[in-house]
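Taking it in order: structure first as structure tokens, then the write-up.
The values are calculated or read from the model by the stated rules, or taken from the named source; none is laboratory data. Note that the coordinates shown come from a computational prediction; the quantities given were computed from them, not determined experimentally. Here the Cβ positions follow ideal geometry from the backbone for every residue, glycine too, while neighbour counts run over all protein chains shown.
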Amino acid sequence: MARYQILYWEHIPLGVKATDINGTVRENLPPRFQKAVENASSKAGHKSAAQYTSMFKWGDEFEREGTAAEVASAVAKELDDTWDEEAALKESS
């Protein structure tokens with residue numbers, strides 16, 4: 001059993017952190033997610049590093065069967081497979 005959280009920039013996921021009795025594993029999402037963050041930040045007019053970094057937040061913590069590595073990898077894959085970039089960009093408007 002592992003606990004996991006998703007790291008968001010505003011509403012755009014960027015990574016997954018999973019923890020089990022052996023430690024914590026982090027999995028970054030593919031580059032298209034970072035590109036979406038950059039586009040949303042630019043569109044929102046964030047000019048300072050403080051404005052940009054203030055938008056990062058961890059989502060709720062959940063539990064899932066598997067090791068931390070398995071859970072982090074599976075959740076990252078699910079986010080990549082199901083994320084709707086167009087809908088996310090509309091949320092930034």
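When residue 50 is evaluated against the numbered criteria (1) farther than 18 Å from residue 1 by Cβ; (2) under 10 Å from the mean Cα position of the chain (by Cα), which criterion, by number, is the only one it fails?
Of (1) farther than 18 Å from residue 1 by Cβ; (2) under 10 Å from the mean Cα position of the chain (by Cα), only one is false for residue 50: (2).
With the requirement that a residue be in contact (Cβ under 8 Å) with a residue 40 or more places away in the chain and either surrounded by fewer than 15 Cβ atoms within 10 Å (Cβ to Cβ) or aromatic (Phe, Trp, Tyr) (or both), what does segment 18-42 give you?
Listed by number, the residues that qualify are 22, 23, 24, 26, 28, 30, 32, 33.
When you check residue 17 against the structure, is it within 23 Å of residue 81 (Cβ to Cβ) and in a strand (DSSP E or B), yes or no?
Yes.
Which residue pairs have Cβ atoms closer than 9 Å, lie 6 or more positions apart in sequence or on different chains, and pair a first residue in segment 46-74 that is in contact (Cβ under 8 Å) with a residue 24 or more places away in the chain and in a loop (DSSP other than H, G, I, E, B) with a second residue that is surrounded by 15 or more Cβ atoms within 10 Å (Cβ to Cβ) and basic (Lys, Arg)?
Correct list of pairs: 61/3.
Of everything in segment 65-93 that's among the hydrophobic types (A, V, I, L, M, F, W, C) and at pLDDT below 85, which residue is nearest to the chain's Cα centre (by Cα)?
Looking at the filtered set, the residue picked out is 88.
Scan segment 21-42 and give yes if some residue there is part of a strand (DSSP E or B) and aromatic (Phe, Trp, Tyr), otherwise no.
Within segment 21-42, none of the residues are part of a strand (DSSP E or B) and aromatic (Phe, Trp, Tyr).
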